[in-house]
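**Q** Quick one: the structure is below, and I'll ask about it shortly.
The values are calculated or read from the model by the stated rules, or taken from the named source; none is laboratory data. If you're wondering where the values come from, they're calculated on a predicted model, not measured in any experiment. Every residue, glycine among them, receives a Cβ derived from its backbone with ideal geometry; neighbour counts consider all protein chains shown. For the accessible areas, the whole protein counts, side chains as well, though only heavy atoms, and no ligand, DNA or RNA atoms are used. Shrake-Rupley method; radii C 1.70, N 1.55, O 1.52, S 1.80 Å.
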Amino acid sequence: MDIFPAIDLLDGKCVRLYQGDYAQSQVFNDRPAEMARSWLEQGATKLHLVDLDGAKAGQPVNLEAIASIVEMVKATATQPMQIQVGGGLRTEASVRQLLNLGIDRVILGTVAVEQPQLVQDLCQKYPHQIVVGIDARDGKVATKGWVETSTVSATDLAKQMAQMGAAAIIYTDIHRDGTLAGPNIAALRELASGIEIPVIASGGVSSLQDLLSLLSLGTLGVTGAIVGRALYTGEVKLAEAIRAVGDGRWQDVPPDLGATNFA
């Protein structure tokens, strides 16, 4: 399972929100590129960036901060690093703008509900680079930076987006985001069971045990987890998490029992 350290950008700073509430934000670093460097040095091979200002504005806002992270990764990474970005991407021009910065995958949210045909067109034009973020509140999809809640079922939208060619689905349970209350395993199981593309879990991860619990959904296609507040507070250590659930995780590595003489 892939671990995606989350960097949420608000006013050019790295913050965490509580249940998506912009009024309940906590600044963890005013230099996002330095935060990204820290995750890189701890073994991250994936980064999840969210332009919170952009999500409300309907267009990218924190481009300078995003560009600084891309430049830092290019200059210092010794292994491939995948960067995905979401927040305010509601036109092809915005998508192209981020891809031109060197972003590997872009995350579409609001347009998946309001302009599904645009998502399909973008999936065809930029194969394997379009991810759909489904942010749910009580099972219904929230849009426009979580400010509005639609009548669309999260599971139904996931099925539609999978058919349209999305590379993956990011599922966020808003009530658990930033709360350290644990991921919504039941909702993830229901959503992943209905589609055949990868699902990335987001929201509520509070411990190594939470990440290990997600491994049980691996056969259903839950291939990654986005971790935010727990990393910033130290509840989860990134290097330890990668070793526990990533490639070559603890349970897959045979113990060193020393040399054995079968002669």
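**Q** Limited to segment 41-51, what total is found for residues that are surrounded by fewer than 21 Cβ atoms within 10 Å (Cβ to Cβ) and either hydroxyl-bearing (Ser, Thr, Tyr) or in contact with a helix residue (DSSP H, G or I) (Cβ under 7 Å, 6 or more places away or on another chain) (or both)?
**A** 3
**Q** OK, next. Among what's in segment 46-64 and is in contact (Cβ under 8 Å) with a residue 60 or more places away in the chain and not in a strand (DSSP E or B), pick the residue that is farthest from Gln26 (Cα to Cα).
**A** Once the filter is applied, the top-ranked residue is Gly58.
**Q** OK, next. Ile7: surrounded by 21 or more Cβ atoms within 10 Å (Cβ to Cβ) and farther than 23 Å from Val95 by Cβ, yes or no?
**A** no
**Q** Can you tell which of Leu108, Leu157 is touching a Gly at 6+ places or on another chain (Cβ under 9 Å) and within 23 Å of Ile197 (Cα to Cα)?
**A** One residue alone meets the criteria, Leu108.
**Q** Quick one: in segment 16-40, of everything that is among the polar types (S, T, N, Q) and assigned to a strand (DSSP E or B), which residue is surrounded by the fewest Cβ atoms within 10 Å (Cβ to Cβ)?
**A** Gln24
**Q** Still on this structure, I have one more. Tally the residues that are modelled with pLDDT of 95 or more and either among the charged types (D, E, K, R) or not in a helix (DSSP H, G or I) (or both), restricting the search to segment 65-88.
**A** Residues meeting the conditions: 6.
**Q** Taking segment 157-178, which residues are over 29 Å from Val27 (Cα atoms) and open to solvent by 10 Å² or more (accessible area, probe 1.4 Å)?
**A** Those that are over 29 Å from Val27 (Cα atoms) and open to solvent by 10 Å² or more (accessible area, probe 1.4 Å): Lys159, Gln160, Ala162, Gln163, Met164, Gly165, Ala167.
**Q** Within segment 179-204, can you find the residues that are open to solvent by 10 Å² or more (accessible area, probe 1.4 Å), of a type outside the set (S, T, N, Q) and either assigned to a helix (DSSP H, G or I) or closer than 21 Å to Val131 by Cβ (or both)?
**A** Selection gives Pro183, Ile185, Ala186, Ala187, Arg189, Glu190, Gly194, Ile195, Glu196, Ile197, Pro198.
**Q** Taking Thr151, is it over 28 Å from Ala65 (Cα atoms), free of Cβ contacts under 8 Å to residues at least 40 places away in the same chain and assigned to a strand (DSSP E or B)?
**A** Considered against the rule, which asks whether it is over 28 Å from Ala65 (Cα atoms), free of Cβ contacts under 8 Å to residues at least 40 places away in the same chain and assigned to a strand (DSSP E or B), Thr151 comes out as yes.
**Q** If I filter segment 212-231 for residues that are at pLDDT 95 or above, on the phi > 0 side of the Ramachandran plot and in a loop (DSSP other than H, G, I, E, B), do I get at least one hit?
**A** Looking for residues that are at pLDDT 95 or above, on the phi > 0 side of the Ramachandran plot and in a loop (DSSP other than H, G, I, E, B), one finds at least one in segment 212-231, hence yes.
**Q** Could you list, in sequence order, all residues of segment 123-153 that are at pLDDT 90 or above, out of contact with any Lys or Arg (no Cβ under 7 Å at 6 or more places or on another chain) and surrounded by fewer than 23 Cβ atoms within 10 Å (Cβ to Cβ)?
**A** Within segment 123-153, Cys123, Gln124, Lys125, Tyr126, Pro127, His128 meet the criteria.
**Q** Mind checking which pairs have a first residue in segment 195-210 that is farther than 18 Å from Gln160 by Cβ and a second that is open to solvent by 10 Å² or more (accessible area, probe 1.4 Å) and in a helix (DSSP H, G or I), Cβ under 7 Å, 6 or more apart or different chains?
**A** Close Cβ pairs (under 7 Å, with a partner that is open to solvent by 10 Å² or more (accessible area, probe 1.4 Å) and in a helix (DSSP H, G or I)) amount to Gly203/Arg176; Gly204/Arg176; Leu208/Glu240.
**Q** Sort out which residues of segment 190-206 are in contact with a Leu (Cβ under 8 Å, 6 or more places away or on another chain) and at negative phi, and write them in order of number.
**A** Hits for segment 190-206 are Ala192, Ser193, Val199, Ala201, Val205, Ser206.
**Q** Between Ala187, Ala181, Ala225, which is small (Gly, Ala, Ser) and in contact with a Leu (Cβ under 9 Å, 6 or more places away or on another chain)?
**A** Step by step, each of Ala187, Ala181, Ala225 is checked, and only Ala225 is small (Gly, Ala, Ser) and in contact with a Leu (Cβ under 9 Å, 6 or more places away or on another chain).
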